[in-house]
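The structure appears right after this line, and notes come after that.
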Amino acid sequence: MTKAQVSLRGKDILGLRTMSVPEIELILDTAREMKHIIDRDIKKVPTLRGKSVVNLFFEPSTRTRTSFELAGKYLGADVVNITTSASSVVKGESLRDTLLTVEAMGVDIIVMRHEAEGSAHFAAKAVKPVIINAGDGAHEHPTQGLLDLFTVKEKKGSIAGLQVAIIGDILHSRVARSNIWGLQKLGAQVRVAGPRTLLPRDIEQMGVKVYDRVEPALEGADVVNILRLQRERQQKGLFPTAREYARIFGINPQRLALAQPDALVMHPGPMNRGLEISPEVAYSEQSAIQEQVKNGLAVRMALLFLVLMGGTKIETTA
Amino acid sequence: MKLLLKGGRIIDPAQNVDLVGDVLVQDGRIAKVGGQIDPGDAEVLEARGLVVAPGLIDLHTHLREPGLEAKEDIGSGTRAAAAGGFTTICCMPNTRPVIDNAVLVAGVTQRAGLEGAVNVRVIGALTKGQEGKELAEIGDMIAAGAVALSDDGHFVESARIFRTGLEYAGMFDGVVVSHAEDESLAGDGYMHEGAVSAALGLRGRPAVSEDIAVARDVMLAEYTGALLHIAHVSTLGAVEIIRQAKRRGVRVTAEVTPHHLTLTDEAVLGFDPAAKVHPPLRSGEHVEALLAGLKDGTLDVIATDHAPHAFEEKDVEFRYAPSGFAGLETALGVVLTELYHTGKFTLPELIDRMAAAPARVFGLEGGTLKPGAPADITLFDPNQEWRVDSSLFYTRGKCTPFAGKSLKGKAVATIVGGRVVMKNGEVRA
């Protein structure tokens, strides 16, 4: 299947594990064009005028929700946010009924974030609007994975053959899973490293190299993607203290020096400065963290466009 | 009242019988087996091309009554049993209230006598409220007809309480049934821990949590000399522990479910709540070990763990769905399709695991076609092809990981105490 033949029109975006290489490439190519719009003085284009997007967030989120909201608005769609911190179980209304309610209002896309793994799959089966998974538990966060791919490709030219190290709490990270699938599909070699208690058992069967020390994982790496450490994991007893984590697993300039001199530093945010990443690394020349945010917007614009319009030609006149 | 089953293949593993002939039933008991029997005034049921087997017995059914009738009740559950070819089912006590005293044992037994399509035997709770703290009135419940004791659904965390339960139940020759999963290891997991859980990000219930629990229970059974039955064995390690224990003469028996014998954790890949069960569906190496264990007799019994839930309970995100699903109406078809038609087991072996062995393990009447035995008989067509459509189930629990699956082999008639309670899928009770 070539890029010319592939279409994402009407397709749910649930994860990168089940996405094909031509589909990923189509999204990345489209995102490159979208990025030009963000840099314009007047950003609004009429491409998605008359279309509606609902951000249905069951977990708090600032950057992903704002990114989707602006992505929709820059393309001319109507965007509504529904944020409910309680899970459907607590709230008393089932996820299916919440989705049916949103569907009945005639929306075209539901962007959903939910604490339960597989909730996006559930939504895709339950209702007709296109479902874009904005993070389902520890399962996947496909738009983060795609924006990370976009960033790597933009900075490094190509992904094939790169050594990418993903550092931190792999066990609970949807970002890690989407990155692992996406990077491997595009030909990168992926290493993961973190405390053994935060590495899923049998993770090597996903095709990655596994380390419980950061140093060997960093050695010669072209890209270092540092994950956020949720402090709740300490309360669950998965590591002793934040202090020890920072000492053993935190990425500081000395450790980063083990990677390639031009290694790209990434972080999905929000950062715990001084814990998983030192400020010197976060704000270094090598850091692409700010660029990731901008690219996230471009990737989400591309996705909204591709699932609704299907093609690759963008009408960019304001 | 006489009933003649004409010309079927009679398989009775308890007597080593496998022959083509007639079976005469009189006054609710088996009267005569084999050869050509003159029908006289008997009603005749044509059995040519069918297998005539002792009625299937399920040692692990959740009837959900009292208190959880949105999931199932005695009427719907026993009709599901009849449809699936089961003539006796043993119901678990994790109801509301928990069946933990003689009045409840007697009450469920009595209601089952009035409303049940098949025989129902009651398993009483091992501890009060299944809370794992104080022993329930085990002696009283056994006197009221309880066939075994179990806190099924929960592992008895305290080794001291479990030891006491074994010793106390042992006084009455009561079998203690263990749901063996160490909750401190498995408790917050949703599926088998392995490559699939790693990929899906779902917290795992590691196989070792079951191995540890089975090892502890087996050691306590050995120490006390009491009777122990391990419910729904699902791991390679547990099979090996039980195998060694049996060699040492420990009085332990074990069961395995059709789903653990035939499905792997890959059934969870689409996050279908129908694939959520405790213990979880495991990876291929475990399935292989279960098949080997069933073959060599380490695992004595195939039991369904029929665990129906209401639609709205299962129609949620995978994490929030209760574990378990209906099993009575698919068990025989799944077992025949995956274990018999694949050449792994013979029909006498499977009938042993589903009728003779369950009767032996709980000391129940039945499980054989010996003259004088209760006329509990299952007729099945090992070659009938059908597709699982859970909307046609008698059980209220329509959720099953076998939905849509094509199966080969189906119960054609279920006879309980000489009465035909199911014929061609139609339950008459």
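The values are calculated or read from the model by the stated rules, or taken from the named source; none is laboratory data. Quick caveat, the model's predicted, so the values are computed rather than measured. All Cβ positions, even for glycine, are placed from backbone atoms using ideal geometry, and neighbour counts span all protein chains on display. Heads up: the accessible areas ignore ligands, DNA and RNA and are worked out on the full protein's heavy atoms, side chains in. Shrake-Rupley method; radii C 1.70, N 1.55, O 1.52, S 1.80 Å.
Within the stretch B:77-120, the set of residues being among the hydroxyl-bearing types (Ser, Thr, Tyr) and over 13 Å from B:Thr61 (Cβ atoms) comprises just one member, B:Thr109.
Every condition in (1) surrounded by 22 or more Cβ atoms within 10 Å (Cβ to Cβ); (2) farther than 28 Å from B:Ala199 by Cβ holds for A:Val111 except the one numbered (2).
When the residues of the stretch B:264-293 are filtered to those that are part of a helix (DSSP H, G or I) and within 11 Å of chain A (Cβ to nearest Cβ), the one that is nearest to the chain's Cα centre (by Cα) is B:Ala275.
Scanning the stretch A:93-108 for residues that are facing chain B (nearest Cβ under 10 Å) and either open to solvent by less than 40 Å² (accessible area, probe 1.4 Å) or aromatic (Phe, Trp, Tyr) (or both) yields a total of 2.
Identify, please: which residue in the stretch B:89-107 is among the β-branched types (Val, Ile, Thr) and open to solvent by 10 Å² or more (accessible area, probe 1.4 Å) and is, among those, nearest to the chain's Cα centre (by Cα)?
At the first step, the residues of the stretch B:89-107 found to be among the β-branched types (Val, Ile, Thr) are B:89, B:95, B:98-99, B:103, B:105.
Next, only the ones that are open to solvent by 10 Å² or more (accessible area, probe 1.4 Å) stay: B:98, B:103.
On the way: B:Val98: 20, B:Val103: 24 Å.
Ranking the qualifying residues of the stretch B:89-107, first place goes to B:Val98.
Would the stretch B:245-263 turn up any residue that is closer than 25 Å to A:Asp136 by Cβ and within 14 Å of chain A (Cβ to nearest Cβ)?
Kept after step one, since they are closer than 25 Å to A:Asp136 by Cβ, are these residues of the stretch B:245-263: B:263.
Imposing the further condition that a residue be within 14 Å of chain A (Cβ to nearest Cβ) reduces the set to none.
No, every residue in the stretch B:245-263 fails to be closer than 25 Å to A:Asp136 by Cβ and within 14 Å of chain A (Cβ to nearest Cβ).
In the stretch A:279-287 there is at least one residue that is open to solvent by 10 Å² or more (accessible area, probe 1.4 Å), away from chain B (no Cβ under 14 Å) and over 30 Å from A:Pro60 (Cα atoms).
So which of A:Ile38, A:Ile24 is out of contact with any strand residue (DSSP E or B) (no Cβ under 7 Å at 6 or more places or on another chain), open to solvent by 10 Å² or more (accessible area, probe 1.4 Å) and away from chain B (no Cβ under 14 Å)?
A:Ile38
In the same structural domain as B:Asp152 (by TED's automatic domain parsing) and surrounded by fewer than 19 Cβ atoms within 10 Å (Cβ to Cβ) - does that describe any residue in the stretch B:53-66? Looking through the stretch B:53-66, at least one residue is in the same structural domain as B:Asp152 (by TED's automatic domain parsing) and surrounded by fewer than 19 Cβ atoms within 10 Å (Cβ to Cβ). Being in contact with a Pro (Cβ under 9 Å, 6 or more places away or on another chain), among the acidic types (Asp, Glu) and modelled with pLDDT of 95 or more: is that true of B:Asp389 here? No: the conditions fail for B:Asp389. One residue is enough: does the stretch A:162-170 have a residue meeting the conditions more than 11 Å from chain B (Cβ to nearest Cβ), part of a helix (DSSP H, G or I) and open to solvent by 10 Å² or more (accessible area, probe 1.4 Å)? No: zero hits.
Has the stretch B:310-317 got any residue that is away from chain A (no Cβ under 14 Å) and either more than 22 Å from B:Asp389 (Cβ to Cβ) or in a loop (DSSP other than H, G, I, E, B) (or both)?
The initial filter retains those residues of the stretch B:310-317 that are away from chain A (no Cβ under 14 Å), namely none.
Taking every residue of the stretch B:310-317 in turn, none turns out to be away from chain A (no Cβ under 14 Å) and either more than 22 Å from B:Asp389 (Cβ to Cβ) or in a loop (DSSP other than H, G, I, E, B) (or both).
For the stretch B:111-143, the set of residues classified as open to solvent by 30 Å² or more (accessible area, probe 1.4 Å), farther than 26 Å from B:Glu329 by Cα and under 22 Å from the mean Cα position of the chain (by Cα) consists of B:Ile142 only. Picking from residues in the stretch A:265-276 that are closer than 19 Å to A:Arg174 by Cα and not polar (S, T, N, Q), the one that is surrounded by the fewest Cβ atoms within 10 Å (Cβ to Cβ) is A:Pro270. Within the stretch B:243-250, the presence of a residue that is in a loop (DSSP other than H, G, I, E, B) and modelled with pLDDT under 95 is excluded. The set of residues in the stretch B:407-429 that are out of contact with any His (no Cβ under 9 Å at 6 or more places or on another chain), open to solvent by 10 Å² or more (accessible area, probe 1.4 Å) and not polar (S, T, N, Q) comprises B:Lys410, B:Val412, B:Val416, B:Gly417, B:Arg419, B:Val420, B:Lys423, B:Gly425, B:Glu426, B:Val427, B:Arg428, B:Ala429.
Only one of B:Ala303, B:Ala321, B:Ala275, B:Ala307 is in contact with a His (Cβ under 6 Å, 6 or more places away or on another chain), within 11 Å of B:Cys399 (Cβ to Cβ) and in the same structural domain as B:Glu255 (by TED's automatic domain parsing). Can you tell me which?
Details: B:Ala303 fails: within 11 Å of B:Cys399 (Cβ to Cβ); B:Ala321 fails: in contact with a His (Cβ under 6 Å, 6 or more places away or on another chain); B:Ala275 fails: in contact with a His (Cβ under 6 Å, 6 or more places away or on another chain).
One residue alone meets the criteria, B:Ala307.
What tally of residues in the stretch A:195-236 results from selecting those that are within 14 Å of chain B (Cβ to nearest Cβ) and assigned to a loop (DSSP other than H, G, I, E, B)?
Our first condition is that a residue be within 14 Å of chain B (Cβ to nearest Cβ); within the stretch A:195-236, this holds for A:196-208, A:210, A:227, A:230, A:232-233, A:235-236.
Remaining after also requiring assigned to a loop (DSSP other than H, G, I, E, B): A:199-202, A:207-208, A:227, A:230, A:236.
Total meeting the criteria: 9.
Of the residues in the stretch B:294-308, at least one is within 30 Å of A:Thr98 (Cα to Cα), crowded, with 20+ Cβ neighbours inside 10 Å, away from every other protein chain (no Cβ under 14 Å) and touching a Cys at 6+ places or on another chain (Cβ under 9 Å). Applying the criterion of being surrounded by fewer than 19 Cβ atoms within 10 Å (Cβ to Cβ) and at pLDDT 95 or above to the residues of the stretch A:288-318, the residue that is nearest to A:Ala134 (Cα to Cα) is A:Val293.
Is it true that B:Ala403 is modelled with pLDDT of 95 or more, open to solvent by 10 Å² or more (accessible area, probe 1.4 Å) and not in a helix (DSSP H, G or I)? For B:Ala403, the condition - modelled with pLDDT of 95 or more, open to solvent by 10 Å² or more (accessible area, probe 1.4 Å) and not in a helix (DSSP H, G or I) - is met.
Just to verify a result, which residue in the stretch A:41-61, among those that are at pLDDT below 95 and touching a Gly at 6+ places or on another chain (Cβ under 9 Å), is most open to solvent (accessible area, probe 1.4 Å)?
First, pick out the residues of the stretch A:41-61 that are at pLDDT below 95: A:41-47, A:58-61.
Remaining after also requiring touching a Gly at 6+ places or on another chain (Cβ under 9 Å): A:44-47, A:59, A:61.
On the way: A:Lys44: 114, A:Val45: 3, A:Pro46: 31, A:Thr47: 19, A:Glu59: 44, A:Ser61: 21 Å².
Applying the filter and picking the extreme gives A:Lys44.
Where in the stretch B:21-105 are there strands (runs of 3 or more DSSP E), lying wholly inside it, with at least 1 residues that are of a type in the set (Ser, Thr, Tyr)?
Numbers: elements: B:29-33, B:43-46, B:51-54, B:56-61, B:86-91.
Of the strands (runs of 3 or more DSSP E) lying wholly inside the stretch B:21-105, those with at least 1 residues that are of a type in the set (Ser, Thr, Tyr) span B:56-61, B:86-91.
Give the stretch A:234-261 a look and list any residue that's within 23 Å of the chain's Cα centre (by Cα) and open to solvent by 40 Å² or more (accessible area, probe 1.4 Å), or say none. None - no residue of the stretch A:234-261 is within 23 Å of the chain's Cα centre (by Cα) and open to solvent by 40 Å² or more (accessible area, probe 1.4 Å), so the list stays empty. Once the stretch B:318-328 is narrowed to residues that are open to solvent by 30 Å² or more (accessible area, probe 1.4 Å) and in a loop (DSSP other than H, G, I, E, B), the residue that is farthest from the other protein chains (Cβ to nearest Cβ) is B:Ser323.
Please count how many residues of the stretch B:176-196 are part of a strand (DSSP E or B) and either more than 12 Å from chain A (Cβ to nearest Cβ) or charged (D, E, K, R) (or both). Before the answer, list the steps.
Restricting attention to the stretch B:176-196, the residues satisfying the condition of being part of a strand (DSSP E or B) are B:176-178, B:191-192.
Keeping just the survivors that are either more than 12 Å from chain A (Cβ to nearest Cβ) or charged (D, E, K, R) (or both) gives B:176-178.
Residues in the stretch B:176-196 being part of a strand (DSSP E or B) and either more than 12 Å from chain A (Cβ to nearest Cβ) or charged (D, E, K, R) (or both): 3 in total.
The residue of the stretch B:197-229 that is most open to solvent (accessible area, probe 1.4 Å), among those that are at the interface with chain A (Cβ under 10 Å from one of its Cβ atoms) and part of a loop (DSSP other than H, G, I, E, B), is B:Arg203.
Looking for whichever is within 18 Å of A:Phe57 (Cα to Cα), within 14 Å of another protein chain (Cβ to nearest Cβ) and in contact with a helix residue (DSSP H, G or I) (Cβ under 9 Å, 6 or more places away or on another chain) here; the options are A:Ala134, A:Ala138, A:Ala124. Which one fits? Quick ask: steps written out before the conclusion?
On the way: A:Ala134 fails: within 14 Å of another protein chain (Cβ to nearest Cβ); A:Ala124 fails: in contact with a helix residue (DSSP H, G or I) (Cβ under 9 Å, 6 or more places away or on another chain).
None of the other options fit; the residue is A:Ala138.
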